[in-house]
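Just so you know, all these numbers are worked out from the coordinates, no wet-lab data involved. Remember, predicted model here, so these are calculated numbers, not experimental data. Here Cβ is always computed from backbone atoms with ideal geometry, including for glycine, and neighbour counts include all displayed protein chains.
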């Protein structure tokens, strides 16, 4: 190696690590089911920690189970440069979502070890507790508690469908640490992740530089019509809750198109009452998910939706309830981190483009505490939260190389 | 009584009978839950038979549990003039649907008894097994077997959700008779029923003369889109199964309006997959119910729907399955029966109008065997298949009076 610029991770090693970790909770269809704080999550955590110990890292766990794996720097007074993600998965999740961010971090450290490169600042890899929120809500729990947005006691009290709570489950699997969440310095935070969308693949780019994460608003909408028999009830006197709901469902998508290219609008969940073949629906409840990376545009989308619903309610003379159930404001990442990622990708010769993240990540909360940036790699057909989730070996390697050089730009290799 | 034309039923007696029968399986909300071939159905049947015995009627039950209650005529060679309906109910049914048709028949006979009026032809009241089809499919089972449209063995084999079959349940409640279904002459058949729609009430008419019952076609439609994450997936590359399905759901209603005033189009049942708030629906399945009293128009409606679905499938490049699950052709009732009902209502001084029935009734099958007619009375707000189903005492009485005189027109009072 002539220069630090020639330093590269070992993609084969990282790829194998991903396949090995995926065996814990592996599903017959090739995915992973490793829900937060289950026995399988415990095994996954132990597997990662065992790997970290072999790399000589110091391990610490905080009171919400977030686990930090530290490689010492030359100057112990400097805040560590961190990277990480999560290793819990969706019930029918894949091998890469979250796991890639954690194992890419360990690969960065192993690469530094291989070449005996010391850094000024310590380097840390973290896995956050319960990012997916599949077993316990809210999502991104560990990083949310770390950032002080979610209260520790609130998180502890969250229960799964069997009534088991987070605190008991942390204790049971041996990950109820002593460190106070957030009581942990951080110089900068990077997170590598599969895109979970099709943009990079469609544009044939290797690296996605993430300038921002979309804000999102979630609503539950209920249209109250009048249930009646589908045969004897003439068309012109019906108050068919579904036909009214359809208009709003179409408007949700219409608004997203109005605010192209970054607007998103989705109706993913629909419940019809009484849901009987020969009964005109008396009530329809459905979810609305709207997203945009710009806060005021997101508000404008919401206002447009609200106005439309009021018009429909008035025109059709029916009650329509709209209840907000979740709100994540848009998040812009740190300019310096973004610049470092761009430069690293460019120097490494990878094609790149900016990709606004449509999905939430632990990095959203870390951004409140430290300069933060995210690196995306393509995933097959843009598919994620799915057992068929897949990523190419060359992209897995490329993302980790960009991470390596971005972290080095902050942690500073010690010049011998 | 100066003339047979002055003969009237006793509305109070009929009203009380309806309230008494409704106690068997009565629900806290004032409705009735008396599913076919349950213990409650058995009690209801026994209550009706007990009443018929007090009126001196001969009781017979056929192999599918249809039960006939006969008042002898002067001329035993004449086929009986029949009336009836069913006493099984929906799970959250009302007091009048079906029960009215049976008890109005018994009230007609009690009125003839009260006044010592003999008829040339016998008069019979029948309750058919499992009209509702809530516990066992198909609907209108007893009359369907009687008319030879549904096979006896097929009906016997139908099971409820607990796996209990019709034959065993008939045996258990003591209604597996010996008479071969259909081996029973019928001179004419009348059925009184609540309208189950709002037309009579809206037009302020007492009697609905039913010229026909709408034909219906039931379909299951499945739209195959592509499941993806609601955040990262740009709007313009989505294949959102719900948004495509919406267009077809709207067209179903649109077609009904195109073929006004008798066309009907309803989507009552919708299932979205995976039905998750932040996932673009990958598949949507929904029911389609279209109805029209004219057979060729119903075919035209179906063709229009088919054509539209093909266009959407082509335009959106997605697979859309349309599977027919049920078909009842339109049914026109007997001209002479219709005329007799009209004349009776007119002579009795009741306001009347023609009302095409949107719902199916046992009369549809009886029409295959004998001249058949139906008499509707208004129900409150047009509501049926609901615990709040209600009908006015004056209408209950009026419908039974029209039935009385319509049946007498066929059974012929013996002139003394």
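Efficiency by 1/(1 + (r/R0)^6): what FRET value for residue B:46 and residue A:237, r their Cβ-Cβ distance, R0 = 45 Å, to the nearest 0.05?
0.65
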* To do: Extending each Cα 7 Å along its Cβ direction at residue B:304 and residue A:204, get the distance between those two points in nm, one decimal.
  => 4.8
* Compute the acute angle (0 to 90°) between the alpha-carbon long axis of helix A:241-258 and the principal axis of greatest extent of the alpha-carbon atoms of chain A; round to the nearest 10°. => 40
* **Rounded to 10°, Cα long-axis angle of helix A:393-411 versus longest principal axis of chain A** => 70
* Structure fact -> Given A:369-380, B:27-38, the highest-first ranking by average Cβ count within 10 Å works out to A:369-380, B:27-38
* Extending each Cα 7 Å along its Cβ direction at residue B:326 and residue A:388, get the distance between those two points in nm, one decimal. => 3.5
* Using only atoms on other chains, find how many Cβ atoms lie within 10 Å of each Cβ of peptide A:214-227 and report the average. => 1
* Asked: For region A:1-135, what size does the Cα cloud have along each of its three principal axes, sorted from largest down, in whole Å?
  -> 45, 34, 20
* Structure fact -> Per residue, the convex hull enclosing the alpha carbons of region A:70-172 has a volume in Å³ of 114
* With chain A treated as a Gaussian network of Cα nodes joined by springs under 10 Å, which of A:11, A:84, A:231 yields the largest mean-square fluctuation? -> A:231
* Structure fact -> Note to self: C-alpha centroids of region B:333-370 and region B:181-231 sit apart, in Å, by 16
* Hey, what angle do you get for helix B:295-316 against the long axis of chain B, alpha-carbon based, 0 to 90 degrees rounded to 10? -> 20
* **Computed Kirkwood radius, in angstrom, where 1/r is averaged over Cα pairs of region B:271-416** => 19.6
* To do: Alpha carbons only, please: Rg and Dmax for chain A, in angstrom.
  => 23.5, 89
* Any chance you could run the full-extension gain for residue B:19 through residue B:113? It's 0.36 nm times the residue separation minus the Cα-Cα distance, nm to one decimal. => 31.6 nm
* Asked: Given a Förster radius of 51 Å and the C-beta distance between residue B:149 and residue A:171 as r, what FRET efficiency does 1/(1 + (r/R0)^6) yield to the nearest 0.05?
  -> 0.15
* Asked: Across peptide A:271-277, what mean number of C-beta atoms from other chains lies inside 10 Å of a residue's C-beta?
  -> 6
* Take chain A, connect every pair of alpha-carbon atoms lying under 10 Å apart with a spring to form a Gaussian network, then pick out the residue of A:23, A:314, A:367 with the largest mean-square fluctuation. => A:314
* **chain A, helix-only ellipticity at 222 nm - DSSP H runs n ≥ 4, -39,500 (n - 2.57), divided by all residues, nearest 500** => -10500 deg cm²/dmol
* region A:300-385 - Rg and Dmax from Cα coordinates, angstrom -> 19.7, 62
* Relative contact order (percent, whole number), region B:215-328, Cα cutoff 8 Å, 6+ residue spacing -> 43
* To do: Output the Kirkwood hydrodynamic radius of the protein assembly as shown, Cα pairs only, in Å rounded to one decimal.
  => 31.0
* Pull out a ≥ b ≥ c, the square roots of the eigenvalues of the alpha-carbon gyration tensor of region A:89-231, then state rounded if a/c is under 1.5, prolate if not and a/b is larger than b/c, and oblate in the remaining case. => oblate
* Once you average over the residues of B:238-245, how many Cβ atoms of partner chains fall within 10 Å of each Cβ? -> 4
* So what are region A:215-328's ellipsoid semi-axes, whole angstrom, largest first, if each one is the square root of 5 times an eigenvalue of the alpha-carbon gyration tensor? -> 29, 13, 11
* Structure fact -> For the residue B:5, residue B:183 Cβ pair and Förster radius 35 Å, calculated FRET efficiency rounded to 0.05 is 0.45
* Report, in whole Å, the centroid distance computed from the Cα atoms of region B:272-310 and region A:126-158. => 43
